[in-house]
1. Going through Ser120, Ser153, Ser187 one at a time, which residue ends up being polar (S, T, N, Q) and within 20 Å of the chain's Cα centre (by Cα)?
2. Please state which one of Ile230, Ile160 is of a type in the set (Val, Ile, Thr), in contact (Cβ under 8 Å) with a residue 24 or more places away in the chain and in a strand (DSSP E or B).
3. Looking only at residues in segment 180-193 that are surrounded by fewer than 23 Cβ atoms within 10 Å (Cβ to Cβ) and of a type in the set (A, V, I, L, M, F, W, C), which one is nearest to Ser51 (Cα to Cα)?
4. Looking at Ile93, Ile132 in this structure, which one is within 24 Å of Lys58 (Cα to Cα), out of contact with any Lys or Arg (no Cβ under 8 Å at 6 or more places or on another chain), at pLDDT 90 or above and of a type outside the set (Lys, Arg)?
5. For residues in segment 97-128 being in contact (Cβ under 8 Å) with a residue 40 or more places away in the chain and of a type in the set (Val, Ile, Thr), which is surrounded by the most Cβ atoms within 10 Å (Cβ to Cβ)?
6. Restrict the check to segment 140-152 and report whether at least one residue is surrounded by fewer than 17 Cβ atoms within 10 Å (Cβ to Cβ) and modelled with pLDDT under 90.
7. Can you pull out every residue in segment 103-134 that is among the small types (Gly, Ala, Ser), over 21 Å from Lys92 (Cα atoms) and either assigned to a helix (DSSP H, G or I) or touching a Pro at 6+ places or on another chain (Cβ under 6 Å) (or both)?
8. Could you count how many residues in segment 13-55 are exposed (fewer than 15 other Cβ atoms within 10 Å of the Cβ) and at pLDDT below 90?
Amino acid sequence: MKKDVSNKESDSIISIQGLSKSFGKENQVLKNLNLNVNKGESMVLLGRSGSGKSVAIKCIVGLIKADSGSIKVFGKDLLAMNTQQLNEERLKIGFLFQSAALYDSMTVAENLGFPLRRHSPDLTEDEINTCIKAALESVGLIDAIQKMPSALSGGMRKRIAMARTLILKPEIMLYDEPTTGLDTITSREISELMVKIQEEYQSSSIIITHDLACAKRTGNQVAILQNGRIGFQGTYEEVSNSTLPWIQEFFIDKK
């Protein structure tokens, strides 16, 4: 079961304050965005296409540089860090790309072993193999250990990407459209796996999705972007029951 978590800034694992980002003079995507995510909380971000959802989470890991504001993770402002400091903090943050972003020339085992060999050079090969098997077992795909990504279904690729992200035991998970391109059954399985991961690893997460079923299953809180900032936030039930016309547009096909 998902638990309710308060959203006080003092309790926040992630605290985004006054975040702004423009691409050129005419395209201001984020405008003074404020968002807090607490320990053990799953925050779903909804918004129209192009509203800045993916830009926001890419700013958190430094894939996109914000123009202004602050992004504090565990109380440390990422925007004030140099490259070395930022890379160290990134190890605490897992990022699941929409495309899964597996290395096509590597087996599943090699994909999972890559971040360990890069960031944990003191591990022996036996220790690396043990970590790989444990990560694959956590997503139910130990039998795929020697397969190539081209031999995997879309759902399997997502699961392997999740296993690769989890292998460094991040305290925060960022999901960019985790169920895009998947059928209804597989989408539900991925959503259930995300809940299992949150409970097992006690991680906090931000989930970008257009999939309302995924949002309902995974989110303790749902925040909706409007005009570059958070326009509404609450539980899934509070959001879906809102009478505001611009919010009801997200749920019109679900009524």
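The values are calculated or read from the model by the stated rules, or taken from the named source; none is laboratory data. Quick caveat, the model's predicted, so the values are computed rather than measured. So basically every Cβ, Gly included, is an ideal-geometry build from the backbone, and we count neighbours across all protein chains shown.
1. Result of the check over Ser120, Ser153, Ser187: Ser187.
2. Details: Ile160 fails: in a strand (DSSP E or B).
Criteria check complete, one pass: Ile230.
3. Leu182
4. Numbers: Ile132 fails: within 24 Å of Lys58 (Cα to Cα).
None of the other options fit; the residue is Ile93.
5. Val108
6. There is at least one residue in segment 140-152 that is surrounded by fewer than 17 Cβ atoms within 10 Å (Cβ to Cβ) and modelled with pLDDT under 90.
7. Let us first name the residues in segment 103-134 that are among the small types (Gly, Ala, Ser), namely 105, 109, 113, 120, 134.
Then keep just the ones that are over 21 Å from Lys92 (Cα atoms); that gives 105, 109.
Hit for segment 103-134 is Ala109, nothing else.
8. 7
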